[in-house]
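To keep things clear, I will list the structure first and then write my remarks on it.
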Amino acid sequence: MNITMIGAGYVGLVSGACFSEFGFNVTCVDNDSQKIASIEKGHIPIFEPGLDAFVDRNIKNGNLKFTNQISEAVPSSDLVFIAVGTPSRRGDGHADLKYVYKVAEEISQYLEGYTVIVDKSTVPVGTAREVERIIRKNNADADFDVVSNPEFLREGSAIQDFMKPDRVVLGVENERAERMLRDLYLASDLNKNQILVTDLESAELIKYASNAFLATKISFINEMSLLCEKTGANIDFVSKGMGLDSRIGEKFLKTGPGFGGSCFPKDSLALIRTAQENGVSSRIIEAVLEVNASQKARMVSKIRDALQGSLAERRVAILGLTFKAETDDMRDSPSLSIIPPLIDKGASIIAHDPEGIEEAKSLLPDQIEYTTSIEDAVKDAEIVVLITEWDDYINMDLDKIIDLMKGNIFVDLRNVFNPEEMIKKGFSYHSIGR
C-alpha cells in the first residue's frame, strides 16, 4: 500500500514514520525544501523521543521517502493524508483551514485511480465535506473518498501513542474506504475493537471534544488547588482521592501552572467558535480557558509573594521553558506568561531547559540569560522556579543546588518535590495547593 503524507510537521512526520515502520511505502511531502533536505540528512526538526531512529531506519530500508513535490507522490498513492497545520485564525480564534483547502486543490490535479483522502489535521466539523467539494469541483472525474481520521498524539510520547493507541477513530461513508483504513491500522498489533467507525462529523467533533474535556480536568484541579491553599487542604490528597473513583480516573488531575502546547488552548478555542457558529452555548469550555489564564497569572503572584518584596534586581533561576517535558514545543507554554511579568518588575532571569532554549529565544524577552547547565542557572540565584517537570530537575542533587544558591527560595510549580524533605534541606519551599 502506498501512502502520501502531506505535511512533515509534528503529526505528519510522526505518522509517516510510524506507517513506514509497519512496512508501508510512505512519501512525506512538505513545501519547505530546506526541511526536507535536513530530514534526509538525519536532522529531525522537532524533538520527539524515538522519532529520529524511526525516520533513519525507514529511510535506509526504503519505506520512507521525502519530497517537496505533490505531483511526485499523489498519482501512485492509495491513501493521501492531509496533515498540515490548522493554527488559530487571527481575529476570531477559529481554526485556520487555508492550508487544508490549498492541499485539497493541489492533490485534485494528480489523483489517478481510486484514492482515499484522509483528514489527519485537527479540523472543525464540516471540513471533510468541504475538502470533498473542493476536489470534485477541480476534478469531477476523480475516483476518491474523504475520510476523517483524527490524531491523538501526546507530545513526548507520540511514537508510543501511535504504535499502541487507545483507539483509532475513522469517519467514513462507505465500506470501500473503511476496508482500506482498517487494513492500514490492523497491520500493527491494534485490536479491531479499538477501531471506532463513525460518520464524518462525529469523527471531527471527537477530537475537539476529547481535548476540551482533558483541558477541563486540568482547569478543574487547578481551581481546586487554590481552594486547598485557602482552606488548608492538600491538593495531592484531593486529586488522588478523586482519581481513585473509576468514573473520574487519575489522569489529568495533577495541578500545575496551567496547560499549554499546540492542542488544548487552540482546540478549546476552536470548539467554542464552532459552538457559537451553530448557536450553541459553550460556557464550560469558556470557563476552562478563563481558569487556565488566571492560573498562569497566579503563578506570577506566587513567585512575587515567595520573595516577600520587590522583584527589582532579584536573580531568578527558571528551570523549564517548554509547556511540558520531553518536547521542545513552546506554544502557549506557561513560561511565556510567567517570565515576562517578572522581567517587567525588574527581575534578572537566567533560564535552563534541556530542549527548548532555541525556540524560547524567539518568543521571550531579550533580557533573559540562558544556560545549558542547571548548576550555572541556580548559582547565586535568590529563588529557583521550576516550571517544567523534566527528569533532569526531578533527579537534581538538591544539596548541591541549595549550596550554589545565594538565597534558599524554591517555587515548585509542578509539585515535584516533597515539602517536608525540601524544608529539611533548608529550602523556603513553595508549591501549589499544599
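The values are calculated or read from the model by the stated rules, or taken from the named source; none is laboratory data. Keep in mind the model is a prediction, meaning the values are calculated, not measured. FYI the Cβ positions are ideal-geometry reconstructions off the backbone, even for glycines, and counts take in every protein chain you see.
Residue-wise test of (1) buried (at least 18 other Cβ atoms within 10 Å of the Cβ); (2) at pLDDT below 95; (3) under 23 Å from the mean Cα position of the chain (by Cα).
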{"site": "ARG283", "(1), (2), (3)": "no, no, no"}
{"site": "VAL288", "(1), (2), (3)": "yes, no, yes"}
{"site": "GLN295", "(1), (2), (3)": "yes, no, yes"}
{"site": "ASP305", "(1), (2), (3)": "no, no, no"}
{"site": "ILE338", "(1), (2), (3)": "yes, no, yes"}
{"site": "LEU342", "(1), (2), (3)": "yes, no, no"}
{"site": "ALA351", "(1), (2), (3)": "yes, no, yes"}
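Can you tell me which residues in the stretch 385-405 are exposed (fewer than 14 other Cβ atoms within 10 Å of the Cβ) and over 25 Å from the mean Cα position of the chain (by Cα)?
Answer for the stretch 385-405, where residues must be exposed (fewer than 14 other Cβ atoms within 10 Å of the Cβ) and over 25 Å from the mean Cα position of the chain (by Cα): ASP397, ASP399, LYS400, ASP403.
If you go through the stretch 28-54 one residue at a time, how many are in contact with a Gly (Cβ under 8 Å, 6 or more places away or on another chain) and not in a loop (DSSP other than H, G, I, E, B)?
Within the stretch 28-54, residues that are in contact with a Gly (Cβ under 8 Å, 6 or more places away or on another chain) and not in a loop (DSSP other than H, G, I, E, B) number 3.
Give the residues of the stretch 102-122 that are in contact (Cβ under 8 Å) with a residue 60 or more places away in the chain and in a loop (DSSP other than H, G, I, E, B), sorted by residue number.
Listed by number, the residues that qualify are TYR114, LYS120, SER121, THR122.
Consider ASP399 carefully, then state whether it is of a type outside the set (Phe, Trp, Tyr) and part of a loop (DSSP other than H, G, I, E, B).
Judged against the criteria, ASP399 is not a match.
Which members of the stretch 35-68 meet the condition of being of a type in the set (S, T, N, Q) and within 24 Å of the chain's Cα centre (by Cα)?
SER38
Suppose we filter ARG314, ARG331 for residues that are over 24 Å from ILE221 (Cα atoms), crowded, with 18+ Cβ neighbours inside 10 Å and assigned by TED's automatic domain parsing to the domain that holds ASN415; which single one remains?
Selected residue: ARG314, the only one of ARG314, ARG331 that is over 24 Å from ILE221 (Cα atoms), crowded, with 18+ Cβ neighbours inside 10 Å and assigned by TED's automatic domain parsing to the domain that holds ASN415.
Could you please tell me which pairs satisfy a Cβ distance under 7 Å, a separation of 6+ or placement on different chains, a first residue in the stretch 84-101 that is basic (Lys, Arg), and a second residue that is assigned to a loop (DSSP other than H, G, I, E, B)?
Here the result reads ARG89/ASP96, each pair linking the stretch 84-101 to a residue that is assigned to a loop (DSSP other than H, G, I, E, B).
On the basis of being on the phi < 0 side of the Ramachandran plot and assigned to a loop (DSSP other than H, G, I, E, B), does ALA377 make the cut?
no
Across the stretch 419-430, what is the total count of residues that are surrounded by 15 or more Cβ atoms within 10 Å (Cβ to Cβ) and more than 18 Å from VAL378 (Cα to Cα)?
1
From the set of residues in the stretch 168-193 that are farther than 19 Å from TYR114 by Cα and exposed (fewer than 14 other Cβ atoms within 10 Å of the Cβ), which is modelled with the lowest pLDDT?
ASP189
What's the number of the condition LEU226 fails, among (1) part of a helix (DSSP H, G or I); (2) out of contact with any Lys or Arg (no Cβ under 8 Å at 6 or more places or on another chain); (3) surrounded by fewer than 20 Cβ atoms within 10 Å (Cβ to Cβ)?
(2)
Can you find, within the stretch 40-60, the residue that is surrounded by the fewest Cβ atoms within 10 Å (Cβ to Cβ) among those that are free of Cβ contacts under 8 Å to residues at least 40 places away in the same chain and either within 18 Å of ILE3 (Cα to Cα) or of a type in the set (Asp, Glu) (or both)?
If we take residues in the stretch 40-60 being free of Cβ contacts under 8 Å to residues at least 40 places away in the same chain and either within 18 Å of ILE3 (Cα to Cα) or of a type in the set (Asp, Glu) (or both), then LYS60 is surrounded by the fewest Cβ atoms within 10 Å (Cβ to Cβ).
Have a look at SER262, SER281, SER239, SER246 and point out the one that is at negative phi, touching a helix residue (DSSP H, G or I) at 6+ places or on another chain (Cβ under 6 Å) and either not in a loop (DSSP other than H, G, I, E, B) or not acidic (Asp, Glu) (or both).
SER239
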